[in-house]
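The values are calculated or read from the model by the stated rules, or taken from the named source; none is laboratory data. Bear in mind that the values here come from a model prediction, so they are computed numbers and not experimental data. Here the Cβ positions follow ideal geometry from the backbone for every residue, glycine too, while neighbour counts run over all protein chains shown.
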Amino acid sequence: MDPAEKIGPILQLLDKHYRDAHVTLDFQNPLELLVATVLSAQCTDVRVNQVTPAIFKKYPSAAHYAEAPLADLEQAIYTTGFYHQKAKSIQAICQALVSRFDGQVPASLDDLVKLPGIGRKTANVVLGNAFGIPGIVVDTHIGRVSQRLGLTREKDPVKIEFALMPLVPRERWVKFSHQMIWHGRQVCTAKKPDCPHCPLLPYCDFGQKATGEAG
């Protein structure tokens, strides 16, 4: 089935099974979400949410991160893993925010991706969830699920994003991203996808082959 034909039923099933899908990082403002997203790399959102309340209280503005002794920032984020690189990244981002955007997180994809180490994935997370600006987040889950469903054959995250954009209605981009991530975490996992019990099985190229239901 062509991607344009199957996307409608897929969206309906995602709404049915993941109606309440949402970002699972806790935040109160764009800066907090940006920092939390950086911390979430190679770390669970649950762990990030355990440490961010203290971090957000200690560093309430971009200037606080920018001016903090790096060793202190490393200690604060230590349990999220890769703390040396994450601390450097957060500080560099916040220094750029202070020097170029008066300490405020810009509500622009073009501006966000010019920040140190910020790619389209992180930018779309912030835009969609902190500013309500539509964007499709292509993380490992969305990339994997999109390929298995047969919505795209692209492997590069940016190319996957641009392949999905014309398929999914723009007003659904943020919701679709959350639903696909939840599906990738709960059912369509990397190593052991539960194809026999997958609600999207009738429209999944990978699942049809895995269960012998193709053709």
Problem - Single condition ALA21 does not satisfy, out of (1) under 30 Å from GLN208 (Cβ atoms); (2) surrounded by fewer than 13 Cβ atoms within 10 Å (Cβ to Cβ); (3) within 15 Å of the chain's Cα centre (by Cα) - result: (2)
Completion exercise
Among ARG100, ARG148, the single one that is over 20 Å from THR24 (Cα atoms), modelled with pLDDT of 95 or more and loosely packed, with under 15 Cβ neighbours inside 10 Å is ARG100
Problem - Qualifying helices (runs of 4 or more DSSP H) (wholly inside the stretch 40-111; at least 2 residues being β-branched (Val, Ile, Thr)) - result: 45-58, 83-101
Exercise for the section: Please work out which residue is nearest to GLU171 (Cα to Cα), limiting yourself to the stretch 124-139 and to residues that are assigned to a helix (DSSP H, G or I) and among the hydrophobic types (A, V, I, L, M, F, W, C). Expected result: LEU127
Problem - Residues of the stretch 112-123 satisfying the condition of being surrounded by 19 or more Cβ atoms within 10 Å (Cβ to Cβ) and outside any helix (DSSP H, G or I) - result: LEU115, ILE118
Practice task
Would you mention how many residues in the stretch 10-21 are out of contact with any helix residue (DSSP H, G or I) (no Cβ under 6 Å at 6 or more places or on another chain), touching a residue at least 12 places away in the same chain (Cβ under 8 Å) and part of a loop (DSSP other than H, G, I, E, B)?
Solution key: 0
Fill in the blank from the handout: Residue count, the stretch 111-164, condition among the acidic types (Asp, Glu) and over 25 Å from PHE206 (Cα atoms), comes to 1
Problem - Filtered residues of the stretch 22-74 (kept if more than 20 Å from PRO106 (Cβ to Cβ), free of Cβ contacts under 8 Å to residues at least 40 places away in the same chain and of a type in the set (A, V, I, L, M, F, W, C)) - result: CYS43, VAL46, VAL48, VAL51, ALA54, ILE55, ALA68, LEU70, ALA71, LEU73
Completion exercise
If we keep only residues of the stretch 131-170 that are of a type in the set (D, E, K, R) and in contact (Cβ under 8 Å) with a residue 12 or more places away in the chain, then the residue farthest from ASP110 (Cα to Cα) is ARG148
Exercise for the section: Within the stretch 41-83, track down each residue that is in contact with a Phe, Trp or Tyr (Cβ under 9 Å, 6 or more places away or on another chain) and polar (S, T, N, Q). Expected result: GLN42, THR52, GLN75
Practice task
Determine whether the stretch 115-138 contains at least one residue that is hydroxyl-bearing (Ser, Thr, Tyr) and outside the structural domain of PRO9 (by TED's automatic domain parsing).
Solution key: yes
Practice task
For the stretch 85-128, enumerate the residues that are over 15 Å from LEU39 (Cβ atoms) and polar (S, T, N, Q).
Solution key: GLN95, SER99, GLN104, SER108, ASN124
Handout entry: Residue among THR24, THR37 that alone is assigned to a loop (DSSP other than H, G, I, E, B) and of a type in the set (Ser, Thr, Tyr)
Key = THR24
Handout entry: Failed item in (1) within 30 Å of LEU164 (Cβ to Cβ); (2) in contact with a helix residue (DSSP H, G or I) (Cβ under 8 Å, 6 or more places away or on another chain), with GLY81 passing the rest
Key = (2)
